[in-house]
Each structure stands twice: as C-alpha cells, then as structure tokens.
1. To the nearest 20 Debye, how big is the dipole of segment 169-282 about its Cα centre, given +1 on the beta carbon of each Lys and Arg and -1 on that of each Asp and Glu?
2. From the phi of every residue in segment 42-56, what ³J(HN,Hα) in whole Hz does the Karplus formula 6.51 cos²θ - 1.76 cosθ + 1.60 yield, where θ is phi - 60° and glycine or proline is x?
3. Give me the percent of accessible area attributable to carbon and sulfur for segment 24-170, probe 1.4 angstrom.
4. Contact order normalised by length for segment 172-299, with contacts defined as Cα pairs under 8 Å and 6 or more residues apart; what percent is it?
5. Quick check: the distance between the Cα centres of segment 108-143 and segment 24-61, to the nearest angstrom?
6. GluC sites (Glu not before Pro) within segment 49-154: which are DSSP loop residues with at most 15 other Cβ atoms inside 10 Å?
7. Rounding to the nearest 20 debye, state how big the charge dipole of the chain is about its Cα centre with +1 on each Lys and Arg Cβ and -1 on each Asp and Glu Cβ.
8. Which of the GluC sites (Glu not before Pro) found in segment 236-299 are in a DSSP loop and have at most 16 neighbouring Cβ atoms, other than their own, within 10 Å?
Amino acid sequence: LVRLRQRLAGTNNPLGKGLLALLSRDKLDEDTWEDIEDTLLTADIGVAPTQELVEGLRTRLRVEGSAAGEVREVLADELVKLVGPDMDRRLQVSGENGNPGVVLVVGVNGVGKTTSVGKIGRILVAEDRKVLMGAADTFRAAAAEQLGTWGERVGVEVVRGPEGTDPASVAFEAVKKGVETGVDTVIVDTAGRLQNKSGLMDELGKVKRVIEKQAPVTEVLLVLDATTGQNGMIQARVFAEAVNITGIVLTKLDGSAKGGIVVAVQRELGVPVKLVGLGEGADDLAPFEPRAFVEALLG
Ligand code: GDP
C-alpha cells in the first residue's frame, strides 16, 4: 500500500486528490458537481460510472457541512463500490489432472506484455512454484531475447524458437515441455500485432488451440497500458473478440493520471483487473486490491 501510494503520488492524480479537494469545498453547488464530473471523465472512468458515483455522493453528502473526515470516508466507500470489491481476482495458475496451469498473456506491442510475463514469473517463483516461460512473440525481433533476460533475472527457463517461427509452434513446444517436466505453470508471451483484426484473431485462436492439444489454458491475461486511456479500451474490445479474456493486467499505473480506466475496462469486458504494473523493476507488479487502490488514490 505504501509503495502504491508513493507511485500514484508521483502523478498529478486528479482522481484522488482532485476529487477530495472539490468535495471539501464549503458549498457543494451545481458548479462543484460539474467540476467533479469533469474530473471523473478526465480520469477515464467512463460516463455511466461517473453518473453513478456522483449520484451516490450527492445522496450521501447532502447533509450540509459534512466534516472533512466524513467526506473522505464516503468518497472512499463509493469508489471501492465502483471498482468491484467482490470480483474474484485470483490468478488461475494451477492446472487439473496433473497438467500445469497455462497462462496466456496477450496485448498490443509496447503495453508491457513481456515485462509483465517476467514479473508474473517472479511472483510465482516466490511462491515456490516451478515455472516455465514461452517466448511466442516471434515477430518482434528483441522480444524473445528480452524474455530470455527476464528468465535469467527471475530464475525461470524460457522456451524460444528461431526468429520468425510460427508463434503457435513455440507456444506448443513450451507447454509440451511444461507437461513433460511437470512444472506447475507455463506462462506464454504472445505477439501483439493489431494492424489486422482478423489476422490477430486467427493467430491467437491458433495459439490457444495448439496449446490445448497439450493442456487447457487456465488464464488469459490481457495487458493494457493505463496511460493510453480510451485507446486502450478500443484494443481491449478487439482482443476480447479474439480470445476469452479472464483477467486484466493494467501496466504503467505509476505514470498515469488515468486510474479511472480500471473501472471503465472492467465494465466494458466484465473481467477483473487482477494485477497492476507500478514500474519497470522486477517487483513492480502487484495484485490489484480495490480498497488499497482507493486508499492510495486518496493519499
Ligand atoms: P511489450 O511490447 O508489450 O512486450 O512491452 P515491453 O514489456 O517491452 O514494455 C515496454 C516498455 O514499458 C518497457 O520499457 C518496460 O520497461 C515498460 N513498462 C512495462 N510495464 C511498466 C509499468 O508498469 N510501469 C512503467 N513505468 N513502465 C513499464
């Protein structure tokens, strides 16, 4: 929580501190409520959730001269409600019937996919799991090498193919090896070319089908860059059509004033944010926890 707070404090955080300042004005008049709406929309929270939140706040803060402490508490409660305190955010990293869990990681280039694969490896290793990573992003020349470096850093073997190999064949080999060597979890990095929607769908569909000749995919994580705002939402929709997303990794929350994207993307996809990226280091990926997130936002 301390680290989350520090990281979010590095941004100009209009969602937390801005809202708190607005709500602490002497008079909550129409102008103030409009400013509050603007703040929420600027943070990419989305139109419907903005209205819900304002509605909730107006009802609960109608009492004139609410004390500052109460305002903070009410705002925190309403934000937590919006973020979905009851969603199941556990990663499905275990397989059944002796199979390894298979975590497929998807997203467009540059969002932090390979980095997140490395960091997830780190988290699982810290839990004493036996992990294998597959470098199926065979289109970006440096991707396999980058994952190889992460593998060394976190102590996980990486299965890779020659540059330009079919991503599905690397994914297949990785999971095959995972099954044969009895690892607990195989994490598969994929290529994220979005220029052609049907191409992407075909490719991801094929990767998943081929993997499932070996073992069922237990988790499909979509990696989104929090700084891209509405653009990220468009990407999310395309990926959700291509594969059945089971969780979201929201990266670069440390550099973003757009924390509201958590709410927007969960609503859009009906899938929970499971992990958040808070920096470039190996330990900068944290499970997403609504109450801690809101507390950090409010500083
Ligand atoms: P990919 O193309 O999606 O695999 O993206 P990469 O994993 O190569 O990451 C792209 C850049 O984003 C790299 O410079 C990463 O260090 C950086 N990055 C990834 N996650 C985070 C994060 O949570 N916070 C910050 N600040 N940078 C990140």
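The values are calculated or read from the model by the stated rules, or taken from the named source; none is laboratory data. Here the structure is a predicted model, which means the values were calculated and not measured. Note: ideal-geometry Cβ built from the backbone for every residue, glycine included; neighbour counts use all protein chains shown. These area figures cover heavy atoms from the full protein model, side chains too; ligands, DNA and RNA do not enter into them. Shrake-Rupley method; radii C 1.70, N 1.55, O 1.52, S 1.80 Å.
1. Working: 13 positive and 13 negative charges, 56 e Å.
Value, rounded to 20: 260 debye.
2. 4, 7, 6, 6, x, 5, 4, x, 4, 5, 4, 5, 4, 4, x
3. Numbers: 3330 of 7300 Å².
The computed percentage sits at 46.
4. Working: 152 pairs, mean separation 23.6, N = 128.
Once divided by the residue count of segment 172-299, the mean separation gives 18 percent.
5. 39
6. Hits after loop and neighbour filter: E64, E96, E127.
7. On the way: 35 positive and 44 negative charges, 139 e Å.
The dipole magnitude comes to about 660 debye.
8. Numbers: sites: E241, E268, E280, E295; in loops: E280.
Sparse-neighbourhood loop GluC sites (Glu not before Pro): E280.
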